[in-house]
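The values are calculated or read from the model by the stated rules, or taken from the named source; none is laboratory data. Because the structure is predicted, anything quoted here is derived from the model rather than measured. Virtual Cβ from ideal backbone geometry, glycine too; neighbours counted across all protein chains shown.
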Amino acid sequence: MKTIDEKARINLRYVRYQDFFSTLTEEEFELLASVAQFRCYPAGQILFEEDDELQRVYYILEGMIRFERVDASDNHLFYDYIGQHNFFPISSIFTDETYTYRSVTRTKVRLLVFPRIVIEQVLAGNHQSLLDIAKTMAGLLERNEKRIQNVLNPNAQDRVRQSLIYLKDILATENAGDYTIPYPLTIKELATNSATSTETVRQTMNELVEKGLLQYESKLLIFPKKRLEDWE
């Protein structure tokens with residue numbers, strides 16, 4: 001029976017030439033392999049809470065993670081999502097001592113987990129990897145700016161439409177000529193994302209479905225590629 005460390009090493013080999021890992025030297029890669037842990041969690045598992053000490057960095061092999069911020073009464077104020085083949089929390093590397101949001105598995109996930117100090121050590125010694133992370137962080141900042149602009153939009157239906165496009169851009173994969181978000185998203189989640197009511201989300205989505213701009217089946221969002229121009 002394979003140990004967790006062996007599973008981590010095997011899964012690391014699968015992603016050796018993808019994204020961040022492709023720029024590592026063999027020595028750097030072996031360093032990560034020596035400390036990596038493989039984890040599999042069901043949907044609904046809290047990985048860390050906001051303000052927990054930032055000790056670990058995660059890489060998603062499969063599944064989706066939801067980031068949450070809540071108020072003092074534990075009411076959700078903010079959601080964001082990240083899908084497979086991504087690191088998190090990227091924006092906190094080198095800067096924060098604690099996590100800045102709660103992280104919850106939205107689906108069943110398979111993860112690689114690394115000590116933060118080792119990830120920082122590897123990045124500090126590999127300029128190309130550090131540059132790639134910097135570009136990723138710049139993209140995150142641009143995304144957050146657009147989200148802030150969306151929240152400030154006084155038209156609730158526009159906020160819903162812009163939120164849907166945002167989710168397509170960060171989560172969708174091309175499938176049979178269309179763009180599909182392969183993870184279930186509820187009306188309630190979409191309402192939180194859009195800072196509006198579930199009724200407004202339901203009404204707006206029904207209109208988009210009737211126009212052929214969107215499909216919503218088994219909580220999966222599908223964007224017909226041939227109609228994307230009509231979203232503008």
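Listed values, structure above:
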item	result
Positions within region 158-178 being assigned to a helix (DSSP H, G or I) and either surrounded by fewer than 17 Cβ atoms within 10 Å (Cβ to Cβ) or in contact (Cβ under 8 Å) with a residue 60 or more places away in the chain (or both), in sequence order	Asp158, Arg161, Ile165, Leu167, Asp169, Ile170, Leu171
Filter result (part of a loop (DSSP other than H, G, I, E, B) and either within 18 Å of Tyr79 (Cβ to Cβ) or aliphatic (A, V, I, L, M) (or both)) within region 147-157	Leu152, Asn153
Single residue of region 201-226 satisfying the filter (over 25 Å from the mean Cα position of the chain (by Cα) and loosely packed, with under 13 Cβ neighbours inside 10 Å) that is modelled with the lowest pLDDT	Lys226
Qualifying position, being part of a helix (DSSP H, G or I) and surrounded by fewer than 14 Cβ atoms within 10 Å (Cβ to Cβ), among Glu189, Glu229	Glu229
Filter pass, Asn144 being at pLDDT below 90 and either in a loop (DSSP other than H, G, I, E, B) or touching a Phe, Trp or Tyr at 6+ places or on another chain (Cβ under 6 Å) (or both)	no
Options Leu131, Leu140; residue that is hydrophobic (A, V, I, L, M, F, W, C) and within 30 Å of Gln215 (Cβ to Cβ)	Leu140
Residue check, Leu123 crowded, with 17+ Cβ neighbours inside 10 Å, in contact with a strand residue (DSSP E or B) (Cβ under 6 Å, 6 or more places away or on another chain) and either assigned by TED's automatic domain parsing to the domain that holds Leu12 or at positive phi (or both)	no
Positions within region 179-206 being without any contact (Cβ under 8 Å) to a residue 12 or more places away in the chain and basic (Lys, Arg), in sequence order	Lys188
